[in-house]
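Scroll down for the structure; my scribbles are underneath it.
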Amino acid sequence: SSSDEENFEDSSLPSVNESIGNWTERFQNTLEILRSFDANTPLDQLIDRNADLLYLAQDFLHCAETYGRIIIAERFLSVQNKTIKPISLGGVSGGEKYIVHQTLFKFAVDSYGILGSDYAAAKVAGNELKGLICYFNTQLNDLRVPLMALVDYMGFRIVAMSLLPISKDTLVYGTNDGGITIHNSNMKLSEHMKQAAEIINIKKHVCGLRTISGSRLRGWKELFSPADLEGHLGEDGNFYLIDFARTLPPEAPDMTSKSCHLFRLLRPEFIKAYEEPLCSDGFSGFLMADPQVEKHNESIRTATEYLKTDLIPRFVRDSLVWQVREAVERDSLHEFRLTEAIHAKGICIRHIGYILNHVRSDPEFSCVRALLIVEATARVIKNKLRGLLRRKMKHVRQPLEAPYRQLVVRFLNLVFGKSRESVQFWNNKIKKQLASKFNITGQPTSKDFPLKKFVGLMETNELSPNLLLFNRLVSLTGLKFMPQVCAKVSDSEAFARMTKERYPFDDTDLDEIGYRVKHMNIIAEALGSYYYYKGLRQSLEGCSETTIELLRTALEKYEEALSSNPTNVGLLKNSALCCTRIVELAASGGSHLEDIQFDPSAADVQKADQYYIRAVAADPDDGETLYSYAKFLWKCTRLERAEEYFLQSLETNPAFVWCLRDYGVLLSERGYEDIAEEFFVLASKKTTVLSNTPRTRHLYP
């Protein structure tokens with residue numbers, strides 16, 4: 001963002017390539033350099049290369065946002081009047097496509113009625129991004145993926161993707177003709193796909209179709225991914241993947257929604273943690289040639305049942321309730337990241353109804369229920385507004401602003417204003433969608449229950465549900481308001497006075513309809529790493545106050561990235577390291593950091609502890625994370641737990657010099673001198689593996 005760029009020191013920035021260039025080449029080259037870094041990489045290189053990734057991502061998103069909005073605004077103009085002309089690239093469900101500045105744009109709409117609605121098509125586009133992130137997170141350099149972003153504007157969603165050096169003639173894996181012919185002709189790519197499947201935790205299966213008589217078509221093959229994920233041997237000799245929408249296995253379909261197995265998928269966090277790999281092509285026609293089709297589908301039914309009857313109840317009992325209580329105690333309930341908490345456990349937001357069923361009705365749990373009902377309601381209202389904007393665009397058929405602004409303001413008055421029409425809207429429209437989209441049953445969606453009044457009555461000293469609902473709606477839609485409105489909605493009492501009026505909003509209150517972009521979040525991650533490593537450099541130079549500011553900013557960016565990727569070990573570990581560094585520097589002024597002991601009750605210490613717990617849960621075999629957590633526990637004087645994690649780290653990497661040395665120091669402090677000496681000797685023998693120099697210490701504080 002512009003504010004982030006203003007904080008940069010011009011003298012410290014590397015030169016920027018201002019040309020668009022080849023997105024894919026720039027992206028892959030930068031990634032390979034970053035992934036090659038290790039504990040010996042100097043801080044200056046870490047800062048510069050993360051800045052390179054940041055600028056690349058910002059360039060791409062600017063392109064996606066700018067041209068995506070133009071394409072959407074001109075959707076219903078005749079071709080000759082469009083600024084950017086559509087092209088024909090084939091494909092069944094993609095609709096019109098556009099290419100500008102090496103970027104492919106395609107609408108997420110149900111052009112041929114395959115999915116049943118544009119709502120489902122938007123979900124498929126969201127799953128495309130999730131699937132791409134799954135493969136991106138495998139960090140397999142030989143599997144290249146495009147840059148991708150989703151732009152939501154005026155009720156429509158458009159997918160932006162960097163062009164790749166591929167064509168129909170470069171396809172060597174998967175199918176591009178609906179399963180008639182399945183490709184798997186490159187053994188090297190097949191092996192990479194096997195590796196990726198093991199990391200994601202998806203199952204190898206036979207892909208292909210059958211004739212009406214039941215015999216298999218000749219083109220069947222075994223694949224390690226959904227059949228319609230395409231693998232290409234690009235024109236530059238590298239492997240590229242596209243079409244990720246069904247990477248994640250579906251939930252068992254409930255037959256109440258058309259083709260729901262194509263868009264109601266399991267979360268990546270759930271898939272990765274589940275006890276056995278599941279089949280991406282479950283319940284689809286691509287499995288017809290697989291003799292194990294019923295076994296694959298039954299495994300998904302079992303997983304779905306486990307999700308609903310075991311995982312969700314445990315999440316409510318052991319995690320959600322306690323997280324909300326902590327937020328109440330810290331007076332930060334309005335900032336509580338509910339969606340991140342739910343997603344981190346591998347649960348989809350559409351299961352809020354199942355979550356609610358396991359929250360006790362006692363008054364002490366009212367805040368938990370309120371947060372869940374508000375989140376579901378905000379999403380229902382968002383979807384309703386998007387539908388209204390789409391219909392308005394189809395009617396107006398011109399890229400105008402005024403009709404849509406008026407529509408948005410009237411809709412907000414219907415939702416938040418005090419009128420009979422508002423009560424009817426809540427009782428008829430919102431209740432119905434809460435039940436059908438979020439499985440909310442019982443009192444909130446019963447026929448005569450006053451839902452809008454109930455939401456208002458859930459107000460407590462810690463929570464203003466109506467204000468939270470408004471803020472969530474703004475966040476989900478990208479609506480932008482004038483300063484006078486922003487001032488009113490910053491205070492719950494002022495907002496309550498607004499909503500007692502029939503028309504709390506007028507046409508002058510709305511600044512922009514705005515837009516929302518979902519992407520791979522590499523901007524937030526790159527910014528976080530840029531500020532993190534820059535903060536460590538400042539720390540080495542003795543500037544503790546500047547360092548704390550930089551680390552706070554880094555933590556904000558890492559948390560932003562975690563909102564869409566909540567089990568990323570690197571993000572969680574770096575977030576924890578930011579917290580611990582901040583505590584150390586605040587307590588020490590930048591000197592004698594090794595002597596600092598942590599107060600376990602301090603907010604930053606508790607936050608760091610939670611990040612470490614999540615990082616270890618996400619990857620129990622990451623020796624560096626286990627080591628960092630062991631040192632953190634040591635500083636919290638939780639010595640037995642620290643020893644446990646030192647040993648776990650050494651189990652994953654017996655030659656880890658820093659861990660050997662520090663575990664020896666811990667043993668020595670606890671009076672086990674003889675055993676400590678053995679670890680010191682081991683560490684000294686391994687010093688050639690990891691050189692003990694100041695520049696290596698930035699990874700192991």
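May I ask for the net charge around S544, where only other residues with Cβ less than 11 Å from the Cβ of S544 are counted and Lys, Arg are +1 while Asp, Glu are -1?
On the way: positive: R581; negative: E541, E545, E549, E584.
Local net charge: -3.
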Please state the shape class of the range 564-651: rounded when a/c is under 1.5, otherwise prolate if a/b exceeds b/c and oblate if not, all from the C-alpha gyration tensor. oblate
Under 13 Å from K480, Cα to Cα: aspartates and glutamates that are on another chain or at least 8 residues apart: D507, D509, D511, E512
Among bridges DSSP assigns within the chain, what percent are antiparallel (round to 5)? 90
Under 14 Å between alpha carbons, and skipping anything fewer than 8 positions from K188 in its own chain: which aspartates and glutamates qualify? D142
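Enter the per residue convex hull volume of the chain, computed from alpha-carbon coordinates, in Å³ rounded to the nearest integer. Let's see the in-between values first.
Details: hull volume 125.8 nm³, N = 701.
Per residue, the Cα convex hull of the chain comes to 179 Å³.
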Interchain or sequence-distant (5+) residues whose placed amide H lies within less than 5 Å of the amide H of H183 are G174, T175
For the range 175-250, the fraction of alpha-carbon pairs in successive 5 Å shells from zero, as %: 3, 15, 25, 26, 17, 9, 4, 1, 0
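Which entries in K130/K452; K258/K429; K106/K557; K345/K437 show an alpha-carbon gap greater than 23 Å? Before the final figure, lay out the partial values.
On the way: K130/K452 34 Å; K258/K429 21 Å; K106/K557 29 Å; K345/K437 20 Å.
In this structure, K130/K452; K106/K557 exceed 23 Å between Cα atoms.
Here are some pairs, K382/K432; K203/K295; K203/K573; K607/K631; K194/K221; which of them have Cα atoms lying more than 21 Å apart in this structure?
On the way: K382/K432 14 Å; K203/K295 12 Å; K203/K573 29 Å; K607/K631 16 Å; K194/K221 14 Å.
Result: K203/K573 exceed 21 Å.
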Once Rh is set to the Kirkwood radius over Cα pairs, what Stokes-Einstein translational diffusion coefficient, in µm²/s, holds for the range 317-468 at a temperature of 20 °C and a viscosity of 1.002 mPa s? 128
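Using only Cα atoms, what Kirkwood radius does the range 505-601 have, in angstroms? All intermediate terms of the calculation are to be shown ahead of the outcome.
Working: mean 1/r = 0.0666 Å⁻¹.
15.0 Å is the Kirkwood radius here.
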Quick check: pseudo-label points 7 Å beyond the Cα along Cα→Cβ at R314 and K194, how many nm apart are they? 3.1
Residues with beta-carbon under 9 Å from that of P277, excluding P277: net charge, scoring Lys, Arg +1 and Asp, Glu -1? 0
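Taking 0.36 nm per intervening residue step and subtracting the Cα-Cα distance, what contour gain separates L217 from T508 on full extension?
98.5 nm
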Hydrodynamic radius by Kirkwood for the range 469-514, inverse mean 1/r across distinct Cα pairs, in Å, is 11.0
Which percent of Cα-Cα pairs in the range 362-420 sits in each 10 Å bin, short to long? 19, 37, 27, 12, 5, 1
In nm, to one decimal, how far is the F37 label point from the R350 one, both placed 7 Å along Cα→Cβ? 3.8
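Could you state, as a whole-number percent, how many of the C-alpha pairs of the range 208-287 are farther apart than 23 Å? All intermediate terms of the calculation are to be shown ahead of the outcome.
Details: 1081 of 3160 pairs.
Summing the P(r) tail past 23 Å for the range 208-287 gives 34 percent.
Within the range 299-338, report the trypsin sites (Lys or Arg not before Pro) that DSSP leaves as loop and that have at most 15 other Cβ atoms within 10 Å.
Counting only loop positions with at most 15 other Cβ atoms within 10 Å, the trypsin sites (Lys or Arg not before Pro) in the range 299-338 are R330, R337.
First measure r as the distance between the Cβ atoms of S111 and I84, then evaluate 1/(1 + (r/R0)^6) with R0 = 25 Å and state the FRET efficiency to the nearest 0.05.
Numbers: r = 18 Å, r/R0 = 0.73.
E between S111 and I84, to the nearest 0.05, is 0.85.
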Mean shadow area (nm²) of the C-alpha convex hull around the range 24-175 is 10.5
Where does the chain land at 222 nm, in deg cm²/dmol rounded to the nearest 500, when only DSSP H runs of n ≥ 4 count, each adding -39500 (n - 2.57), divided by all residues? -16000 deg cm²/dmol
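Pulled fully out, how much extra length does the chain show between S684 and A602, if you take 0.36 nm times their separation in residues and subtract their Cα-Cα distance?
On the way: separation 82, 0.36 × 82 = 29.52 nm, distance 3.62 nm.
25.9 nm is the gain from fully extending S684 to A602.
The numbers here are math on the coordinates, done by the rules we state, and not lab data. Every value quoted in this text rests on a predicted model; they were computed, and no experiment measured them. Virtual Cβ from ideal backbone geometry, glycine too; neighbours counted across all protein chains shown.
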